[in-house]
Every structure is written in structure tokens, then in C-alpha cells.
Amino acid sequence: MKVWRICMITLLCCLSIQACSLAADTTKMDMQSIDPSIQMKNLESYYITSGRTYDKIAALLQSIPADKTGLVGDYYFRIDKKVTSKYFYHVNAYDTTMHTLKSSYFVAKDESCVWRLYGEKDAELIFGNTESMLKKTEVVVYPKRIPLGSYGIIRVHVPGMIPYDIKATSLNAHVATISDKMNIAPAAVGTTSIVVDIKIGNAERTFTRDIAVVDTADTQEAHRRSPNVSVGIGVGWHHHGGIGIGVGPWW
């Protein structure tokens, strides 16, 4: 009988601890999704709360089907005054009664595209096209003169760290090749062009960057040794989250 009572007490304690832990996690999650602006003064200092820009963004989001935006019931918008990457307005939609976060978005300044943002997965294009966005995307190959025995990197800057696919090719495999890790591996002294294809959403853009492979490395470059990976003239599409390849993020 005593053993039975001890087991029951132990079980109840375990259930109580689990319930407290779950309640704490739920509270933490709720606190993170509550609109912080409800405790703020001078909202206009941080958010766009009215005017032409607010009306255009609100109208655009409301024109997109609810199954894509997740906007159902009563809600309101909080639009950050600071523009992300000089291209996107960051918008949060909150429940009118509970002030809990419904969804988040990036809305392009030129209204060419809208992305729905998720914490656990890649952003999703829910409106428009990415042709204008690709014009704001930058690709840099560094360094332009790569010493034998070191390696070069490809840096990509995509507004808002929106996910993208990349494919890189060396036009002269005798001089340099592209590794499986998307680094530029020098093979012989000479010059070549690196062709970089970037695909974002439903559009693509091709960048061409010229490099030279040189015979001697200076003191700083000598410390950057080439990684031990297989190489080829070109590497197929790679998926990334809007940060620089090799070294990132780069803004």
C-alpha cells in the first residue's frame, strides 16, 4: 500500500512539473507574439500609422487572398518606419482583441512583391514578381586577384535576406573552378570570368565577374588556404537564405 501511494505521489509530481513547464513555455511564446507597441508612447516615431504609404500597404495586403496572407477576423497593421535593406517595409498584423501576432510580411517599396515571413521556414512570395528585387541584388567576388594556394568567395546581398538559389560557373576551368562549397578554387595563373546565376521567386538574373589568378600571395592572403573539397567547372543550383556564401552575412 505504501509503495502504491509513493508511486501515485511521484506520478502527480511529474505531471505537475510538466504542466508548469508547458505553461511557462506557452507564456513565453505568448509574450514574444504580443504587439510591443501597446506599451509604447509616440508610435509615430517607430511606425507608419497613417497616410498614403500606410493606406497603400494596407490595401495591397488586403487585396491578396486570405489563404495566402493568413489574414482572417479582426486585425490591425504595424508598419516599421525604418525600411529594411532600403527596399522592404516590414509589416506585422496583430489580432485586434488579443494583440497577438497573426503574421509578418515584407512589402516592396514599389509594391512589386509581397513576402510572407515565417520563423521556422523560408519566406514565401505571395504576390507579384521579383524582377525589381533582383535589380537590387548584388554579387561580389572577392578577391579579384586570387593567389594560387588560396581561394575566392562569392558574396551575395539579397534585400531582406530573402531566400535565393545560386549557380556559379567558371568560363575557364584551366584557370579556376567552382568548389562544392561555392568557393573559387584557382588552378593556374591567368584570367577567367565567373558567371553567377541568381534565382529569387519567379525570376532570374545573371551576373558576370572577372577574376585573375596570380602566382604569389601576400602575407595576409597566405593564411587563407584552399579548403579540401572536390571541384568542377560549374556547380548546380544551391539554396541559400539571403546571406553571403563562404563568409556572411554581408550587407
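The values are calculated or read from the model by the stated rules, or taken from the named source; none is laboratory data. Note that the structure is a prediction, hence the values are computed from the model and not measured. Reconstructed Cβ throughout: ideal geometry from the backbone, glycine too, with neighbour counts over all protein chains shown. Surface accessibility is based on the protein's heavy atoms, side chains included, excluding ligands, DNA and RNA. Shrake-Rupley method; radii C 1.70, N 1.55, O 1.52, S 1.80 Å.
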(message) Please report the carbon-and-sulfur percent of the accessible area for segment 49-134; probe 1.4 Å, protein heavy atoms only, DNA, RNA and ligands left out.
(response) 48 percent
(request) Can you send over the solvent-accessible area of LYS68, 1.4 Å probe, protein chains only, in Å² to the nearest 10? (result) 90 Å²
(request) May I ask for the net charge around LYS109, where only other residues with Cβ less than 11 Å from the Cβ of LYS109 are counted and Lys, Arg are +1 while Asp, Glu are -1? (result) +1
(request) Might you tell me the accessible area per residue for segment 46-179, computed with a 1.4 Å probe and given in Å²? (result) 47 Å²
(request) Count the net charge of all other residues whose Cβ sits under 12 Å from the Cβ of ALA212, scoring Lys and Arg as +1 and Asp and Glu as -1. (result) +1
(request) With a point put 7 Å past each Cα toward its Cβ, work out how far SER193 is from HIS239 in nm, to one decimal. (result) 3.1 nm
(request) Whole Å is fine, so just give me how far the alpha carbon centre of segment 78-104 lies from that of segment 168-188. (result) 42 Å
(request) Could you list, in their original order, any pairs among LYS82/LYS136; LYS86/LYS121; LYS102/LYS135; LYS82/LYS144 whose Cα atoms are separated by more than 26 Å? (result) LYS102/LYS135; LYS82/LYS144
(message) Starting from 0.36 nm per residue, how many nanometres of slack lie between GLN39 and ASP215 once their C-alpha separation is accounted for?
(response) 57.2 nm
